[in-house]
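*Asks:* Pasting a structure below so you can have a look.
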Amino acid sequence: MNKAEIIAELHKTLGLSVVFQERLSALLVEETYQPHQIIDSPGNQHHRMWLTASGIVRTYYFNDQGKQITEAFYLPGELLFFWEGYLSHQIDHYVEALQLTRALTVRYAEIPAIRQYPEGDELIRYFIAKYRATELFKSRLLSKSAEERYRDFRKAHPMIFREVPLKFIASYLNMTRENLSRLIGKEN
């Protein structure tokens with residue numbers, strides 16, 4: 001999806017005025033990232049949030065043993081928002097494009113300009129609700145057994161299982177790649 005298509009989708013969902021759509025279009029910056037490109041890394045400060053237009057992005061960190069631990073995946077239409085950036089703190093994780101990825105970005109400093117419009121607050125609430133639903137799904141997922149985590153995550157995100165290496169999915173689900181492969185084989 002391009003900028004105009006995403007704004008049109010938001011208009012369908014939220015009923016955005018033409019004036020607000022034009023303002024939003026002016027604030028959004030289109031960016032493209034190559035497969036395996038590190039978009040951001042620990043010690044940096046995020047200055048913007050991303051809406052993934054196409055591609056898949058993941059966030060990860062290295063644990064004490066030097067192993068990559070995937071924290072999250074972001075699919076087309078999903079918002080990458082980091083409290084650290086919004087609060088002007090440094091991040092402690094990596095942000096990586098797993099595929100050719102197009103994103104629309106807006107700087108955190110532009111949020112007051114968005115909030116000047118009545119539908120700006122509605123747009124922010126819409127994305128907060130989506131973000132909260134994702135966080136709730138993840139926190140509930142972590143309380144389940146390995147088999148339940150696999151089953152629920154695969155049901156919710158089949159695209160990830162088609163497009164992302166198993167080692168990244170396994171680390172996200174807090175299991176070994178071998179255990180994940182066994183669960184996939186058991187299902188087939």
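*Asks:* Could you tell me how many degrees, from 0 to 90 and to the nearest 10, lie between the Cα long axis of helix 3-14 and the main elongation axis, the longest principal axis, of the Cα atoms of the chain?
*Replies:* Relative to the chain, helix 3-14 is tipped by roughly 90 degrees.
*Asks:* Search the structure for amide H atoms under 5 Å from the amide H of Ile39, placed 1.01 Å from N in the peptide plane, and list their residues when 5 or more places away or on another chain.
*Replies:* Hits under the 5 Å cutoff: Val95, Glu96, Ala97.
*Asks:* Please go through the residue pairs Lys67/Lys130; Lys67/Lys167; Lys138/Lys167 and name each one whose alpha carbons sit more than 21 Å apart in this structure.
*Replies:* Cα-Cα > 21 Å for Lys67/Lys130; rest within.
*Asks:* Can you tell me the 0 to 90 degree angle between the C-alpha axis of helix 177-187 and the longest principal axis of the chain, rounded to 10?
*Replies:* Result, in degrees: 90.
*Asks:* Given the C-alpha atoms of region 1-64, compute the convex hull and give its volume per residue in Å³.
*Replies:* Normalising the Cα hull of region 1-64 by residue number yields 118 Å³.
*Asks:* List the aspartates and glutamates whose Cα sits under 13 Å from the Cα of Lys3, skipping any in the same chain fewer than 8 residues away.
*Replies:* Glu22, Glu30, Glu31
*Asks:* Suppose each label sits 7 Å from its Cα in the direction of the beta carbon; what would the Tyr126-Glu22 distance come out to in nanometres?
*Replies:* A separation of 1.9 nm, rounded to one decimal place.
*Asks:* Roughly speaking, what is the stretch gain from Gln45 to Lys167, that is 0.36 nm per residue apart minus the C-alpha to C-alpha distance, in nm to one decimal?
*Replies:* 41.2 nm
*Asks:* Output the 0 to 90 degree angle, nearest 10, between the alpha-carbon long axis of helix 118-142 and the longest principal axis computed from the alpha carbons of the chain.
*Replies:* The angle comes out at about 10 degrees.
*Asks:* So what J values fall out for region 169-175 if you push phi through Karplus, 6.51 cos²θ - 1.76 cosθ + 1.60 with θ = phi - 60°, rounded to Hz, Gly and Pro as x?
*Replies:* Each residue of region 169-175 in turn: 5, 4, 5, 4, 7, 6, 8 Hz.
*Asks:* I want to verify a result. In a Gaussian network model of the chain, Cα cutoff 10 Å, which of these has the top mean-square fluctuation: Thr13, Thr32, Thr70?
*Replies:* Result: Thr13 has the largest fluctuation of those listed.
*Asks:* What is the Rg over Rh value, at two decimals, for the chain, using alpha-carbon atoms and the Kirkwood definition of Rh?
*Replies:* 0.99
Throughout, read-outs are computed from the coordinates displayed, never taken from laboratory work. Bear in mind the structure is a predicted one, so any value in this text is a computation, not a measurement. Cβ sites come from the backbone with ideal geometry, for glycine too, and all protein chains shown count toward neighbours.
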